[in-house]
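A.B. asks: Here it is: the structure, laid out below.
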Amino acid sequence: MSIQFDPTKLPFRTTLIRQITKQHLTHINDVYWTHANSEGAIKGYFSNIITPKTGKDYRAILKTKENWEKGADDFSIWVRQNTILSAASVLEVYIVAACTVVFSACPELIDRSLLGINSVSFIKHVDRLPTGYRGMIKKRSKDPTKGTWSERIRKLEIKIGRVPSRVSSLVPQLQKLQDKRNRIAHSYGAEGELRRTPWEPNTAISAEEADILETFKVVDTVSKYLDRDLFGPLIGGYEIINEYHSWLCAQNQTYTRSIEELVLGFRKYLGQSFGQTPGSAYIKAMIEYYNDVPPP
């Protein structure tokens, strides 16, 4: 079946960035629950420890049951803290990455003189990019991850478009997550907010299971609706063409390979990289579109 490639349409229901974000979030979730389901076993393991031999390479262990259990409790706090830090970072990385692709796919959002130019032409002819273009993309893509979440939402709307109401309604939860994330990170730094003096020991910021569940829910929901209603419609097929270009440049003697071979090879690459791939007819139409795009 022959189809026509539409560069304004996503090949999947989500962007490739969102797929990778979900993979990272799932991994963090799995790691957290691996520990959460073994807390009791770790805390009660003291009687099973075999005392190691002494020597220059000997590292002291917690020698009493009480010290061991205290260490296990502290370890659980540390895991919960780092789960929150990691999930919050995943959301920020998603936003920066999505903004970067949007500005690349829609260069007129960066430079109005580029209105009407097919962004795919810049993928194929990177030497034609305007001076300072990449630097402007990098700066503007990072801006929406700075400041309070109210400020971040406003920056997204100024630079890209209206933020979905489902995301705007979560600003209080997003700000709460940001505040918690910052308090955890700063508590381990030289400027720890809970340290009365520079030599005072760090005080652990509490992080409970309810905080973890709320964090996962907020990060997943925000990235989902931003992807569906804001970033996705602007990104369209740009990501997959960019992936094809990068994959093609890494191949040997592509000029001797038939389009059928290219379709097969690229589909295999997409499946291994992102877990799913469009059909052969879609990829074939995309390659033909890519080949026909002239220089800017």
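All of the numbers you see were taken from the coordinates with simple rules; none came from a lab. Fair warning: this is a prediction, and the values are worked out from it, not measured in the lab. Using ideal geometry, Cβ is built from the backbone for each residue, glycine included, and neighbour counts are taken over all protein chains shown.
A.B. asks: Report the residue, chosen from VAL219, VAL126, VAL96, that carries the largest GNM mean-square fluctuation when the chain is represented by alpha-carbon nodes joined by springs under 10 Å.
C.D. replies: VAL126
A.B. asks: Within the set LYS138/LYS284; LYS159/LYS268; LYS159/LYS224, which residue pairs have Cα atoms separated by over 28 Å?
C.D. replies: LYS138/LYS284; LYS159/LYS268
A.B. asks: Is it possible to state the helix-based mean residue ellipticity at 222 nm for the chain, with each DSSP H run of 4+ residues giving -39500 (n - 2.57), the sum divided by total residues, to the nearest 500 deg cm²/dmol? What is it?
C.D. replies: One gets -19000 deg cm²/dmol as the mean residue ellipticity at 222 nm.
A.B. asks: With the cut-off at 35 Å, report for the chain the share of all Cα pairs above it, as a whole percent. Present the calculation step by step, with values, prior to reporting the outcome.
C.D. replies: Values: 16184 of 43660 pairs.
Result for the distance tail: 37 percent.
A.B. asks: Among PRO294, GLY132, GLN272, whose Cα projects farthest towards the positive end of the dipole of the chain, with charges put on the beta-carbon of Lys, Arg (+1) and Asp, Glu (-1)?
C.D. replies: GLY132
A.B. asks: Next question. Under 18 Å from the Cα of LYS63, which lysines turn up, not counting those fewer than eight places away in the same chain?
C.D. replies: LYS43, LYS53
A.B. asks: Next up: Convert each backbone phi in region 131-147 into a coupling constant with the Karplus relation 6.51 cos²θ - 1.76 cosθ + 1.60 (shift: θ = phi - 60°), then list the ³J(HN,Hα) values in order as whole Hz, x for Gly and Pro.
C.D. replies: 4, x, 4, 5, x, 5, 4, 4, 5, 5, 6, 7, 3, x, 10, 10, x
A.B. asks: Order by neighbour count: ILE259, ILE205, fewest other Cβ atoms within 10 Å first, most last.
C.D. replies: ILE259, ILE205
A.B. asks: Which of ILE117, ILE49, ILE110, ILE235 comes first, and how do the rest follow, when ranked by fewest Cβ neighbours within 10 Å?
C.D. replies: ILE49, ILE117, ILE110, ILE235
A.B. asks: Compute the distance in nm between two label points, each set 7 Å from the Cα along the Cα-to-Cβ direction, one at SER280 and one at SER113.
C.D. replies: 4.6 nm
A.B. asks: Let me ask something additional. For the chain, with only Lys/Arg (+1) and Asp/Glu (-1) charged at the beta-carbon, what is the dipole magnitude about the Cα centre, in debye rounded to 20?
C.D. replies: 360 debye
A.B. asks: Going by how many other Cβ atoms sit within 10 Å of their own, how do TYR289, TYR238 line up, fewest first?
C.D. replies: TYR289, TYR238
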